[in-house]
Amino acid sequence: MKQGKMTREEILQKLDDTDARIHELEALHQRLQESEERYRNFIDSINESCYETDLEGRFTFANARLLRETGLSREEILGRPFSAMVLPEEAKKVNRAYRKAFRTGTPVINLLYKYLTKKGDVRVAENTGYIIKDADGNPVGYRGILRDVTDREQKIKDLERYKDFVENVEEACFEVDLRGRYQNFNEALCRLTERDREEMFQADHREFLTPEMSQKIYKMYNEVYRTGKPAPLLEYDLVTKKGEIRHVNASVSLIRDEDGKPVGFQGITRDVTERRNREAELDRYKNFVDNIDDACSEYDLAGRFTFFNDAFCRLSGYSGKEIEQINWRGLAKPESIKWIFETHNKINETGENLHGFVHEIIRKDGTSLYIEVALHVIKNDKGEPVGFRSISRDITEKKKKEEDLEKYRVFFENIEDSIFELDLRGRFTLFNQATCRNLEYSAEELKTLSYRDRAATPEIADKGFKLYVDVYRNGNPTKVYGYKTVTKSGRVIYYDISISLVRDAAGNPMGFRCVSRDITDRKRLEEEQEQLKE
């Protein structure tokens, strides 16, 4: 046998070794196939979408989850540009992130963007991507995991909306534990209590209450705890950091843990101080209008009553339901309707209020009354007249009294006798025209002259002074016959006069009231008769 030539045994051994190697390679291949299958099954069964692209961004691999999410088949997605799935307004953001990864070698972590499915639905993806390198370490593509977080982002968006709502409402929202310690609250509660967030976390809700209110709130919270039912609106007073009292109302419900065990309370508190003050003010006005004797009413341009108080019912004699069925024409005297309508029309055109408007009305029982009316125009938001507001007062007795006083005034001014009043210094405070004529002074002159200024001689002045002093001292009226005085022109006249004391409300003397009659002609006639007799 030549050197180097294999023997039969060696050849057979070599064949056995080769066969064994082949079986070993086949087993290895089988294991690789099984391993690949396991990985493929794993990749295709996970909830995340897995993919690979080349450096141009074209898909070279996509798992089953990505196919389901996008609605594309494997044939449709392979070779498809990654950017074709991304919304146009999101494409720059995605390209910028992957260019940075290529440049720096750092992965893309949790990149959020919106993409389109085959059906055109817009979804939100959270993407984590890595660079794929060959055996020499050169970048050849990208590998990534994509999660559809549409529902999560929508939930976050909804929660953000709720958070934004709670933080920006004017109502104070809060959560407290069973001890009354604040666990959560919005800025409105800080503004209401005038405390910052740190102070609120350290505070107990009882710090904001008076002792009386604290007991009241405790009972409410205890009722919520026992029954588990939310408390209806409860109004109470809250004390701010500065000591100011604010009126608030609150609705409170129970907070339970996952096992249903009560762990605290949550509620909404609303500051109603301004509303309470406004209501109190309106109540004062309402009580004022309801309880005054003046009749208040409002009616539209057609004259239909839209508001009236009890005094208006008493004034007219009609019930409230009856007044709703009539208008102001039903109360006016027929002959006055035209004149009253023209008055309303005038202030409607000018917009000016009218006071002291007097006219006569007919009550339900047929009796008549004189009323004095203050009339105002009611305008809408555009400044257009829409009706009238009136305040009426029964002046029937006043009218009658004025008529009686007018009779006295006419009598006072037209009587021939002098009627006048003097103060304690002898100055005229009241007089009629007859006084001016008899003394020959004007009204302006009499107002400036004292008794002594009008006396011609000291003797006449002293005699008059003594007469008035006697009336002042004894308080009894007196009459003097043939009293002598001098007029402005120097003419001597005689008159009979009655003098009485005028007192104030407390009974103190404040002047004199006098009635005198000129008897000069009679006095001269008596003197002439006496001379004839002699």
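Could you work out how far helix 520-533 tilts from the main Cα principal axis of the chain, as a 0 to 90 degree angle to the nearest 10?
Helix 520-533 sits roughly 10 degrees off the main axis of the chain.
Based on the inverse mean of 1/r over its pairs of different Cα atoms, what is the Kirkwood hydrodynamic radius of the range 455-500, in Å? Before the final figure, lay out the partial values.
Working: mean 1/r = 0.0886 Å⁻¹.
About 11.3 Å for the range 455-500.
Please give the per residue accessible area of the range 137-265, computed with a probe of 1.4 Å over protein heavy atoms only, in Å².
Working: 7970 Å² over 129 residues.
Dividing the accessible area of the range 137-265 by its residue count gives 62 Å².
Taking only DSSP H segments of four or more residues, each worth -39500 (n - 2.57), what value at 222 nm results for the chain once the sum is divided by all its residues, to the nearest 500 deg cm²/dmol? Let's see the in-between values first.
Details: 18 runs with 227 residues, N = 534.
About -13500 deg cm²/dmol.
Using a simple charge model, +1 on the beta-carbon of Lys and Arg, -1 on the beta-carbon of Asp and Glu, nothing else, what dipole does the chain show about its Cα centre, in debye to the nearest 20? Numbers along the way, then the final one.
On the way: 91 positive and 99 negative charges, 77 e Å.
Once rounded to the nearest 20, the dipole reads 360 debye.
Can you work out the accessible area per residue across the range 277-412, with the rest of the protein chains kept in place, probe 1.4 Å, in square angstrom? Display every interim value, and only then the final one.
Values: 8840 Å² over 136 residues.
I get 65 Å² per residue for this part.
Under Stokes-Einstein, with the Kirkwood radius over Cα pairs standing in for Rh, what whole-number D in µm²/s applies to the range 257-314 at 25 °C and 0.890 mPa s?
The Stokes-Einstein estimate is 157 µm²/s.
Rolling a 1.4 angstrom probe over the protein heavy atoms, how many square angstrom per residue are accessible across the range 426-534?
On the way: 6860 Å² over 109 residues.
It amounts to 63 Å² per residue over the range 426-534.
Could you pull the accessible area for R524 with a 1.4 Å probe, rounded to 10 Å²?
Spelled out: R524, probe radius 1.4 Å, area about 110 Å².
Out of the total accessible area of the chain (probe 1.4 Å, heavy atoms of protein only), what percent is carbon and sulfur? Could the numbers behind the result be given before it?
Working: 17560 of 34660 Å².
In the chain, the share of accessible area belonging to carbon and sulfur is 51 percent.
What translational D, rounded to a whole number of µm²/s, comes out for the range 198-267 from Stokes-Einstein when the hydrodynamic radius is the Kirkwood one over Cα pairs, at 4 °C and 1.567 mPa s? Please report the intermediate quantities before stating the final value.
On the way: Rh = 13.2 Å.
In µm²/s, the coefficient is 98.
Give, in whole angstrom and from largest to smallest, the semi-axes √(5λ) of the equivalent ellipsoid of the chain, with λ running over the eigenvalues of the Cα gyration tensor. Please list the in-between numbers first.
Numbers: eigenvalues 2750, 167, 116 Å².
Semi-axis lengths for the chain are 117, 29, 24 Å.
Around G180, which amide H atoms from residues at least 5 apart in sequence, or from another chain, sit under 5 Å from its own amide H, with H modelled in the peptide plane?
Answer set, sorted by chain and number: none.
Suppose a student asked you for the relative contact order of the chain, using Cα pairs under 8 Å spaced at least 6 residues apart; what percent would you report? Could the numbers behind the result be given before it?
Working: 807 pairs, mean separation 30.1, N = 534.
Reported as a whole number, the value is 6 percent.
To test your reading of the geometry: what angle, between 0 and 90 degrees and rounded to tens, separates the Cα axis of helix 8-45 from the longest principal axis of the chain?
10 degrees
Quick one: what are the phi-derived ³J(HN,Hα) couplings along the range 247-264, Karplus 6.51/-1.76/1.60 with θ = phi - 60°, whole Hz, x for glycine and proline?
With the stated coefficients, the range 247-264 comes to 8, 9, 10, 9, 10, 10, 9, 8, 9, 10, 7, 5, 8, x, 7, x, 10, x Hz.
Round to the nearest 10 and give me the degree value, 0 to 90, for the angle of helix 396-414's Cα axis relative to the longest principal axis of the chain.
30 degrees
Can you give me the convex hull volume of the Cα atoms of the range 400-462, divided per residue and expressed in Å³? Intermediate results must be reported in sequence, preceding the final value.
Working: hull volume 5.9 nm³, N = 63.
Expressed per residue, the convex hull around the Cα atoms of the range 400-462 is 93 Å³.
Quick check: from the Cα gyration tensor, does the range 341-499 come out rounded (a/c under 1.5), prolate or oblate?
Values: a/c = 3.74, a/b = 2.85, b/c = 1.32.
Since a/c reaches 1.5 and a/b is larger than b/c, the shape of the range 341-499 is classed as prolate.
Given H placed on each backbone N at 1.01 Å, which residues far from R80 in sequence or on other chains put an amide H within less than 5 Å of it?
F59
The values are calculated or read from the model by the stated rules, or taken from the named source; none is laboratory data. All of these numbers come straight from a predicted model, not from anything done at the bench. Every residue, glycine among them, receives a Cβ derived from its backbone with ideal geometry; neighbour counts consider all protein chains shown. Areas reflect the complete protein model, heavy atoms only, side chains present, ligands, DNA and RNA absent. Shrake-Rupley method; radii C 1.70, N 1.55, O 1.52, S 1.80 Å.
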